[in-house]
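Undergrad: The structure's right below; bear with me while I get my questions together.
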Amino acid sequence: MTEKIINGFEISQKKRKQIKEKVELLKAEGVIPGLAVILVGNNPASRSYVTGKGKASQEAGIHFELIEFPETIDEQKLLQEIERLNHDENIHGILVQLPLPKHINEESVIESISPEKDVDGFHPISIGRMMTGQDTFLPCTPHGMIELLKEKKIELNGKHVVVIGRSNIVGKPAGQLFLKENATVTYCHSKTKNMKEITKLADILVVAIGRPKFVTSDYVKEGAVVIDVGVNRLETGKLCGDVDFDDVLKVASYITPVPKGVGPMTITMLLENTVLSAEWVRSSLSRTM
Ligand code: GUN
């Protein structure tokens, strides 16, 4: 059974080692990749994600700045800080942790980040570039899933991928990235009728719906690959995904666990994007010299 479990933690560790080597090469050329993360308010889940991003950056040798604002900050002040970071030569990546307080317009904030530093890949320019197959920062969670599947040498070409969930952060871009890999993509969401009939057609089932243990074995075709993006905290304090892991493990050929599945890969892809941004800066500098 354990060979069915895609160990995102182990794969992440391997990739982070490669990222660290790239950081060392950049440093030898005088470029220190820098990541700035803005955290507004005191949401415990957001704080925990941001702490994880900081720790992983520092382990990879990436310069990390955490900028914290109280819940009550006004939008203008936040936009001014982003503008300052857009011009800060020590910073190659800017990430504003979401969600933001209700009085702040998330779209304006995302659009104020320079696309050249948009390591989350959430800016409409980054999304447009992704959809048209241009070089850009890919959104970290969907990119992390594709990398996990490639690492396990799971064929994507011609496969039917069903994505449950249509968020801007995960579901929608995941479908686009699978399409780029020549998969046939179907989206399901909260208004989908006969969802089980559709998900049972999936060779690869991506679940990003935010409901604990929503997908049970009767949603899954025998031998399908199941990617669980959910992170839910149960009353016991334990984390669980959107997939009923023990039940689905019986029918899936591969499955990602929660924790230690997709989660660590999201952070790894963020580090990769930050290094990519620093490399782009380095190559544009060497072109002008
Ligand atoms: N909140 C939950 N996931 C993410 C993410 O990937 N990026 C940002 N900025 N906020 C998030």
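Read-outs throughout are calculated quantities, based only on the coordinates presented, and are distinct from any laboratory measurement. Predicted, not measured: the structure shown is a model, and the values here were computed from it. Cβ sites come from the backbone with ideal geometry, for glycine too, and all protein chains shown count toward neighbours.
Undergrad: Can you sort Lys191, Lys22, Lys53 so the residue with the fewest Cβ neighbours within 10 Å comes first? Present the calculation step by step, with values, prior to reporting the outcome.
TA: Details: Lys191 7, Lys22 18, Lys53 24.
Starting with the residue having the fewest Cβ neighbours, the order is Lys191, Lys22, Lys53.
Undergrad: Could you name the aspartates and glutamates whose alpha carbon sits less than 19 Å from that of Lys159, not counting residues in the same chain fewer than 8 places away?
TA: Glu147, Glu151, Glu181, Glu197, Asp203, Glu222, Asp228
Undergrad: With springs only between Cα atoms under 10 Å, which of Leu25, Leu85, Leu205 fluctuates most in a Gaussian network model of the chain?
TA: Result for the chain, Cα springs under 10 Å: Leu25 fluctuates most.
Undergrad: Now a separate question. What value in Å³ per residue do you get for the convex hull of the alpha-carbon atoms in the chain? Please list the in-between numbers first.
TA: Values: hull volume 39.3 nm³, N = 289.
So the per-residue Cα hull volume is 136 Å³.
Undergrad: Quick one: dipole size for the chain, taken about the Cα centre, charges +1 on Lys/Arg Cβ and -1 on Asp/Glu Cβ, in debye to the nearest 20.
TA: Numbers: 36 positive and 38 negative charges, 159 e Å.
Computed about the Cα centre, the dipole is about 760 debye.
Undergrad: To make sure I understand, if each residue's beta carbon is the centre and we count other beta carbons within 10 Å, what order do Asp228, Asp88, Asp242 fall in, fewest to most? Write out the running numbers ahead of the final one.
TA: Numbers: Asp228 28, Asp88 14, Asp242 22.
Listing Asp228, Asp88, Asp242 from fewest to most nearby Cβ atoms yields Asp88, Asp242, Asp228.
Undergrad: Among Asp203, Asp118, what is the fewest-to-most ranking by other Cβ atoms within 10 Å? Numbers along the way, then the final one.
TA: Values: Asp203 19, Asp118 25.
Arranged by neighbour count, lowest to highest, Asp203, Asp118 become Asp203, Asp118.
Undergrad: Oh, and also: Can you classify region 146-272 as rounded, prolate or oblate using the Cα gyration tensor, where a ≥ b ≥ c are the square roots of its eigenvalues, rounded means a/c under 1.5, and otherwise it's prolate if a/b beats b/c and oblate if not? Provide the component values of the computation, followed by the final result.
TA: Working: a/c = 1.34, a/b = 1.08, b/c = 1.24.
Rounded.
Undergrad: Does region 31-149 come out rounded, prolate or oblate, given a ≥ b ≥ c as the square roots of the eigenvalues of its C-alpha gyration tensor, rounded meaning a/c under 1.5 and, failing that, prolate meaning a/b above b/c?
TA: Details: a/c = 1.39, a/b = 1.21, b/c = 1.14.
Rounded, since a/c falls under 1.5.
Undergrad: Of Ile169, Leu285, Gly93, which is farthest along the charge dipole of the chain in the positive direction, counting Lys and Arg as +1 and Asp and Glu as -1 at C-beta?
TA: Of the candidates, Ile169 comes out farthest on the positive side.
Undergrad: If you take every residue apart from Ile209 with its C-beta less than 15 Å away from the C-beta of Ile209, what net charge results, scoring Lys and Arg +1 and Asp and Glu -1? Write down the numbers at each step before the final one.
TA: On the way: positive: Arg166, Lys172, Lys191, Lys196, Arg211, Lys213; negative: Asp228, Asp242, Asp244.
Counting the neighbours of Ile209, the net charge comes to +3.
Undergrad: For a test of the definition: using alpha carbon positions, the gyration tensor, and the 1.5 limit on a/c, classify region 51-95 as rounded, prolate or oblate. Mind dumping the intermediate values first?
TA: Values: a/c = 3.95, a/b = 1.52, b/c = 2.59.
Because a/c hits 1.5 or more and a/b fails to exceed b/c, region 51-95 counts as oblate.
Undergrad: Once Lys and Arg get +1 and Asp and Glu get -1 on their Cβ, which of Leu156, Gln134, Pro124 lies farthest toward the positive end of the dipole of region 120-162?
TA: Leu156
Undergrad: Could you quote the convex hull projected area for region 146-216, Cα atoms only and averaged over all directions, in nm²?
TA: On the way: hull surface 19.2 nm².
Convex hull of Cα atoms, orientation-averaged projection: 4.8 nm².
Undergrad: Moving on. Could you give the length gained on full extension between Gln134 and Glu10, defined as 0.36 nm per residue of separation minus the Cα-Cα distance, in nm? Working shown, then result.
TA: Values: separation 124, 0.36 × 124 = 44.64 nm, distance 2.99 nm.
Between Gln134 and Glu10, full extension yields 41.7 nm more.
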